[in-house]
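*Asks:* Please see the structure below; I have some questions.
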Amino acid sequence: MRSLSRRELLGLALAGSGVAAFAADLRAQQDTGRRADPLYDPSSLERRPAIVEETANDATVKAAELRLACPCPCTLDIFTCRTTDFTCSFSPERHKEVVALVEQGMTVDQVLETMIRTYGEETLMAPRPQGFNLVGYVVPAAAVLGVGAVIVALLALRQRTVQPAVATATAPDAVSAEELARVERELRDLES
Amino acid sequence: MTLLGTFALWATALVSLWGAVVAFSGQWQTRPELRTSLTHAVYASLGLLLTAAFCLWQVLAAHDFNVEYVSAYTSRNLPPYFLISAFWAGQKGSLLLWAVVLALFAALAQWLTAKRHADLLPWVAGITSATLLFFVLVMLVSANPFERMAFTPDDGRGLNPQLQHPAMIIHPPMLYLGYISATIPFAFAMAAMLTGRLDTGWIHAIRKWTLVSWLFLSIGITLGMWWAYVELGWGGYWGWDPVENASFLPWLTMTAFLHSVMIQEKRGMLKRWNLTLIVITFLLTIFGTFLTRSGVIASVHSFTQSPVGWWFLGFLFVAAVWSFTLLYTRWPELEPEAELESMVSRESAFLFNNLLLVGIAFSVLWGTLFPILSEAVQGTKITVGPPFFNKVNGPLGLLLLALTGIGPLIAWRKASPANIRRQFYVPGGVFAVTFLALFALGLRELAVVMCLSLAAFVFATVAQEFARGTRARMRMYHEGWGVALANLIARNRRRYGGYLVHVGILTYFVAFAGAAFRVDRQVSLRPGESAEVKSPYGWTYRFTHLGVSQYDALNRVVSAASVDVTRDGKSLGRLVSEKRQHVDAFKRPTFNPSTEVGLMTGLREDVYIVFESAVGSTDQANYRFTINPLVGWVWIAGCILTLGGLIAMWPGSGIGPKGAGLAPAAQGGYAASLAGAGREG
C-alpha cells in the first residue's frame, strides 16, 4: 500500500476539515430548525409561515378578501383572518386563490363571482342584495320608513284638529315676563 | 366547599321558590308577616349566593382539579389575578355570577326604595325571586359549577389566553351588571301593572334603574371594544358579532326608553310605549343569553353549544307571553293624558329618535337572525357580516346623530319658526362650514363627511346650550363663568349630564368615521430591514425590525419581535409584539398560540403592529403594520359618556322623590309650555 505523501495528507486533511465544517454547519442549521420552539411546531400549527409576498398588499386582493368570509369558526373575513388568526389553515389557501385570480387580471367583482361559483353564496361576508336576500337589506329600512310615515300622517292629522287649542296654550301674552322668570326659577329649584 | 356550594344553590332555589310563591299568591296583602318574609327571602338569596360564589372562588384558588370547572378554566401556573376572571370564563361560572348580580340588585331594590315604593316591592320581590329561581335551577340541572369528576387530572387546561387580559377582569362583570340590572325596571313595570298603580310615580323608579343598567352596559360594551382591540389582534373593536349584537340590542332599547320616558314625565304620554320598551329590553337580555349559550349562531365569543340555551328560550317564551298579556290587560288604563300637537316639537323629535333607535335594534336583530331565515327559505347558508350591518345601519345611525342635535333644541309641544331660527342658526352654520371644509380638504366619502359634519353640528348644539345656560346664570346670579357652569350642571344634572352623554355619542361617531381611513401593510423583514407605511395624515412611518427573542414566562413560551418606529424621520420609540404559546405546569401546550399586539396610541392615530410569525425559525419576521386613525377617541368617548351618565344619575338630579308627588304630567306640560313661550319671546 502506497504511503501518502505529506502534500496528499495535507490535502486530505483540508478536504476532511471542509466536509466536517460543512457537516457541522449543516448540523447547526438543522439544530436551528429543531430549536425548542413550540410556537412554530407544525404539530400544533397547521400553517407553516412563509415570506409575505407583496401581492398580499395589493389593493384589489385586499378589497376582495375583505368581502370574503373565512370558513374557519373565526367569523372574520379572509384578509382579517389571515393577518390575525395565524393558526387558521383556510384563509391562507383562500388568499392564494384570490391572488391567482387577481393575477389573471380579474376585478374585485369578477373575483367574487368566481369564488361564489366555487364555494356558494356563503363565501361572501354579506349576501348580494338580490333574490330573497334583498329582503334582508330592504326590511329594516322599509320598517323604519313605514312606521315613520304612519307617525307623520297621524301627527299631521292631529295637528289639524288641535291647532286652535295650542295657539291658546302657547300664547306668550298669557303671562308676564316677571311671572315667567319666577315660574322658571321655581321649576329649576323643583327639579334640582 | 363543593358540597357547601351545591347546598347553597339548592337553598337559594328553595328560598326563591318561597319568595315567588308568596308574592304571586297575594297572601302578603292580608298577612304582614308574609310581606316581611318576602323581603327576607330576597336578602337570604343574596347571602346564599354569595356563599356559593365564595365556595367557587375557594376551589379555584385551591386548584381543586377534581372539580370539572376548575380543571377546564385554570391551571397551576395561571397568574393568581386571573383566577378572578376564571370565575366567569365558562358557562357555569358565568351563570353563578349572573345569579349573584341579580340577587344583589334584587336586594338593593328592596333596601333602597323600601319606603318610596312600598306597595310595589312585594311584587318586585316575587318577580326577581322567580327569575332567580330559573337561573339557579338551570345551574343545578344543567350547569353546576361545583360538579366533580370521577378522576383528578394532574393539572387543569388553563384559562383561554385571550381571557388573560386585565380587561377581562372588569369587562364581563360590567356587562353583566348592565344586562342583569335590566331585570329590576322590568320587575317594577310588572309590579305597577299587577297593582294597577299606573300613575307617574312608578316611572321614576324605573327610570333610575334603567339609567343604572344603561350606564353599566355602556361601560361594559366600551371595555369589550377595548379588549377586542388590544387582545384579539385584528385591529378593530367592533365586528357585529352575534354576541356583540346581543349586548347592543338592550342598550338601544334602553336608550330609547330613557328618551321617551321624558315625554311621559312631562306630558303623561307614551305610557304604553314605555312599558313595551321595558318589557322588550328585559326580553332582549334573555334572548341575548339564549344566543350566546345555545350555539344556534356561530360567534367567536359564545360559550360552547349546550342545552342551557334552550332553557333560556323556554324562559323567554314564558316571560314574553306573561308580560305582554299583562300589558294587554292594562292597555285601557294606560291612556295618554295629552296628545302630540305638532310635528315640530320635542315630543316628535323624541318619537323619531325612538323610531330610529328601535329601528336600529330591529335591524341588528334582523341581521343577526337572517342567516337562519335565509337558510330556512332558500336552503343555502349565507354569512351576514360587517358589510351588511354597516350598509343597513349606517344611514339610520347618521339620522340618529342628526336627531341627537335637533331634539334638545326644539321646544316642547310646538316649536315656532322663531324658536327654530334662534336655536339652529349657529349649529346649522357649523354644520355647513364643516361640510364645506371637509369637502375642500379633499374628503369625498359622503358618509364620512356627513358623519363628521353632523358630529360638529351636535357639538355646536350642546355647546350652545351650555353657553346660554352659563350666560343666563352669570347675568341672574352675578357668578363667574366657572362657578356659573358648575352650578348650571349641578342644578340640573339630568339635563346637562344628558348633554355630556350626547357629546360622548358624537365622539364615538367621529372615532368610527376614522375606520374608513385605516391602512394595513404586511411585510417580511430580516433584522435591520425596514418597511414604510403612509398614514392618512400624510406622514411616513418607518418600521425597522430588530429581531426576535424567545423566553419562558410563568405559563407561556414567548416569542417577541421588536421594531423601531419613526415618523417622518423622528423616532417614536420601540414596539414589541408577541406570540405566546401557553403551557401548563408540565410545559404541555394548552391552547393555540395567541398574539399580543404592539400598540402606540395617539389622538390622531394609533400605530398597531402584529407579529405574525418568524420565517423558518429564523429572525426573519412576518408583520402586519396598521395605522388606525382616531381609535383613541373611542375610549375618550366612553369616558365622556360615563361621566355624563354619572352626572345624570347622581342622587338628587332631575325629578327625585320630591318631584314624584309634586310634578304630575299636566303640571310638567304647563311648565314646558311656559318655558317654551319664554324662549320664543
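*Asks:* Counting partner chain Cβ atoms within 10 Å of every residue's Cβ in B:410-423, what's the average?
*Replies:* Taking all residues of B:410-423 together, the mean is 1.
*Asks:* Considering only DSSP states other than H, G, I, E and B, which GluC sites (Glu not before Pro) in the range B:453-561 qualify as loop sites with at most 16 other Cβ atoms within 10 Å?
*Replies:* Hits after loop and neighbour filter: B:GLU479, B:GLU529.
*Asks:* Also, I was wondering about something else. Check cross-link reach from B:LYS414 to the lysines: straight Cα distance under 20 Å, and skip same-chain residues fewer than eight apart.
*Replies:* B:LYS266
*Asks:* Determine the shielding of peptide A:128-140 by partner chains: average, over its residues, the number of Cβ atoms on other chains within 10 angstrom of each Cβ.
*Replies:* Numbers: counts 1, 2, 0, 3, 7, 8, 0, 5, 12, 7, 1, 6, 13.
The shielding value for this peptide is 5.
*Asks:* Turning to a different aspect of this structure: Need one value for A:73-83: mean number of C-beta atoms belonging to other chains within 10 Å of its residues' C-beta atoms. Present the calculation step by step, with values, prior to reporting the outcome.
*Replies:* On the way: counts 3, 5, 13, 8, 6, 0, 4, 9, 1, 3, 12.
Partner-chain Cβ atoms within 10 Å, mean over residues of A:73-83: 6.
*Asks:* For the range B:587-637 and the range B:1-41, write down the distance between their C-alpha centroids in whole Å.
*Replies:* Comparing the Cα centres of the range B:587-637 and the range B:1-41, I get a distance of 51 Å.
*Asks:* In debye, nearest 20, what is the charge dipole magnitude of chain B about its Cα centre with +1 on Lys and Arg Cβ and -1 on Asp and Glu Cβ, if you could check?
*Replies:* For chain B, the charge dipole is close to 1700 debye.
*Asks:* Please report the spacing between the Cα centers of the range B:86-162 and the range B:351-415 in Å, no decimals.
*Replies:* Their Cα centres are 32 Å away from one another.
*Asks:* Can you pull the one-decimal nm distance between simple spin-label points at B:ASN487 and B:ASP552, each 7 Å off the Cα toward Cβ?
*Replies:* With each label placed 7 Å out from Cα toward Cβ, I get 6.8 nm.
*Asks:* How large is the dipole of the protein assembly as shown about the Cα centre if only Lys and Arg carry +1 and Asp and Glu carry -1, each at its Cβ, rounded to the nearest 20 debye? Present the calculation step by step, with values, prior to reporting the outcome.
*Replies:* Values: 70 positive and 62 negative charges, 288 e Å.
Magnitude of the dipole: close to 1380 debye.
*Asks:* Using a Förster distance of 45 angstrom, determine the FRET efficiency expected from the C-beta separation of B:THR618 and B:GLU445, and round it to 0.05.
*Replies:* Efficiency computed from Cβ-Cβ geometry: 0.60.
*Asks:* Does a label point 7 Å from the Cα of B:ILE84, set along Cα-to-beta-carbon, have any residues of the range B:216-236 with amide nitrogen under 17 Å, and which are they?
*Replies:* B:220, B:223-224, B:227
*Asks:* If you don't mind, another one. If neighbour count is taken as other Cβ atoms inside 10 Å, put B:ARG521, B:ARG491 in order from fewest to most.
*Replies:* B:ARG491, B:ARG521
*Asks:* Can you tell me how much longer the chain between B:GLU335 and B:GLU479 gets when fully stretched, taken as 0.36 nm per residue apart minus their C-alpha distance, in nm with one decimal?
*Replies:* 47.4 nm
*Asks:* Related question: Pop the C-beta distance of B:PHE317 and A:ALA143 into the FRET formula with R0 = 30 Å and round what comes out to the nearest 0.05. Don't jump to the answer; show the numbers that get you there.
*Replies:* Numbers: r = 23 Å, r/R0 = 0.78.
Efficiency for this residue pair is about 0.80.
*Asks:* Fewest first, what order do B:LYS587, A:LYS62 take by the number of other Cβ atoms within 10 Å? Each step should come with its number before you reach the end.
*Replies:* Details: B:LYS587 13, A:LYS62 19.
Neighbour counts put them in this order, fewest first: B:LYS587, A:LYS62.
*Asks:* What does the charge count near B:GLU147 come to, summing +1 for each Lys or Arg and -1 for each Asp or Glu among other residues with Cβ under 10 Å from its Cβ?
*Replies:* Neighbourhood net charge equals +1.
*Asks:* Test of understanding: what is the full-extension gain from B:ARG421 to B:LEU3, defined as 0.36 nm times their sequence separation minus their Cα-Cα distance?
*Replies:* Going from the current span to full extension adds 143.4 nm.
*Asks:* What FRET efficiency comes out for B:THR566 versus B:ARG526 if R0 is 22 angstrom and r is the Cβ-Cβ distance? Round to the nearest 0.05.
*Replies:* Using R0 = 22 Å, I get an efficiency of 0.75.
*Asks:* While we're here: Lys and Arg at +1, Asp and Glu at -1: add these up for the other residues within a Cβ distance under 12 Å of B:ASP119 and post the number. The partial results should precede the final answer.
*Replies:* Details: positive: B:ARG35, B:LYS115, B:ARG116, B:ARG197; negative: B:ASP199.
Neighbour charge sum, excluding B:ASP119 itself: +3.
*Asks:* For the peptides B:370-382, B:196-208, A:122-134, what is the packing order when you average, over each peptide's residues, the other Cβ atoms within 10 Å and list the highest mean first?
*Replies:* For the peptides B:370-382, B:196-208, A:122-134, the packing ranking is B:196-208, A:122-134, B:370-382.
*Asks:* To continue, here is another question. Of the listed pairs B:LYS271/B:LYS391; A:LYS62/B:LYS391; B:LYS92/B:LYS208; A:LYS96/B:LYS570, which have alpha-carbon separations greater than 27 Å here? Each step should come with its number before you reach the end.
*Replies:* On the way: B:LYS271/B:LYS391 33 Å; A:LYS62/B:LYS391 19 Å; B:LYS92/B:LYS208 31 Å; A:LYS96/B:LYS570 37 Å.
In this structure, B:LYS271/B:LYS391; B:LYS92/B:LYS208; A:LYS96/B:LYS570 lie more than 27 Å apart at Cα.
*Asks:* Let me ask you something else. Name the residue from B:PHE135, B:LEU48, B:LEU121 whose Cα lies farthest towards the positive end of the charge dipole of the range B:1-159, charges +1 on Cβ of Lys and Arg and -1 on Cβ of Asp and Glu.
*Replies:* Of B:PHE135, B:LEU48, B:LEU121, it is B:LEU121.
*Asks:* Related question: Taking the Cα of B:ASP119, stepping 7 Å toward and past its beta carbon, and measuring to each backbone N in the range B:183-206: which are under 16 Å?
*Replies:* Taking a point 7 Å out along Cα→Cβ of B:ASP119, the residues of the range B:183-206 whose backbone N falls under 16 Å are B:188-206.
*Asks:* What ranking of B:ILE489, B:ILE636 emerges when the number of other C-beta atoms within 10 Å of each C-beta is taken as an exposure proxy, fewest first?
*Replies:* So the residues, fewest neighbours to most, are B:ILE636, B:ILE489.
Laboratory data are not the source of any read-out in this text; all were calculated from the coordinates shown. Computed from a predicted model, the values in this text were never measured in an experiment. Neighbour counts run over all protein chains shown; Cβ positions are idealised from the backbone, glycine included.
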